[in-house]
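Have a look at the structure below before the remarks.
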Amino acid sequence: MANLILDDGKIESDLGEIARELESLGIELRHYDPGTSLLFPDLLDQDVLTEAEKRYCVELHNSVFEFIQQENGGIWCDLLNVHPGSFNLHHLIATYGRYHTHPAPEPLYVLAGEMIYGFVRPDGSQVQLLIQAQDYLYIPAGVEHWCSPTASLNFKGIRYFAIAEAWVPNYTGTQVSDSLNKPH
């Protein structure tokens, strides 16, 4: 389940409270278990997946994709697989690890592992959100955020796209708050 670190260092783990904290940004967070992870537990533990294995994981989540299409106009999806040996790991971290926005919504369903997102709230304060397996995150277009894998460098998630440019970052120049990087 997700955890939210507030600007004052408080950690929130109640899904309802996290949703309330992110509401001003239009961000939605849900925990959704379609039961499909039981069908491919070995694939979730593997670092490297073949294209056929990736397609299999995505196809098993067609019910989630249909839900995304109805709610947010998703047109297509793919599997993001991050692991210590990912050929583009440094590029991925450099690209998405600084504050940016996207021209379209950014829906994501986590199959395995963890990812950290940082957000700038309307009052300028910043929060960090740790998402984990079976979390569904919806970030509206234009919301200032960054993301990075955790130290485990293990993440599998299905990304949903409404337009081809949906995941191209537009950098904002905002710096990550020092208060979020201090031990509490």
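Here are a few things to note about the model shown:
- Stokes-Einstein diffusion coefficient of segment 106-154, Kirkwood radius over Cα pairs, 20 °C, 1.002 mPa s, in µm²/s: 187 µm²/s
- In nm, spacing of pseudo-spin labels at Val168 and Tyr56 (7 Å Cα→C-beta vector): 3.5 nm
- Extension gain from Ala94 to Ser63, taking 0.36 nm per residue of separation minus the Cα-Cα distance: 7.9 nm
- For the chain, averaging the sequence separation of C-alpha pairs within contact (under 8 Å, six or more residues apart) and dividing by the residue count gives a relative contact order of 31 percent.
- Electrostatic bookkeeping for Asp14 treats Lys and Arg as +1 and Asp and Glu as -1; over the other residues with beta carbon under 11 Å from its beta carbon, the sum is -2.
- Under 18 Å from the Ser125 label point (7 Å along Cα→beta-carbon), backbone N, segment 1-31: 3-27
- Shape category assigned to segment 83-125 from the gyration tensor of Cα positions, a/c cut at 1.5: prolate
- For segment 1-46, diffusion coefficient by Stokes-Einstein and Kirkwood Rh (Cα), 25 °C, 0.890 mPa s, µm²/s: 193 µm²/s
- Overall form of segment 76-172 per C-alpha gyration tensor (a/c, 1.5; a/b vs b/c): rounded
Laboratory data are not the source of any read-out in this text; all were calculated from the coordinates shown. Every value quoted in this text rests on a predicted model; they were computed, and no experiment measured them. As a convention, Cβ positions derive from the backbone with ideal geometry for all residues, glycine included, and neighbour counts pool all protein chains shown.
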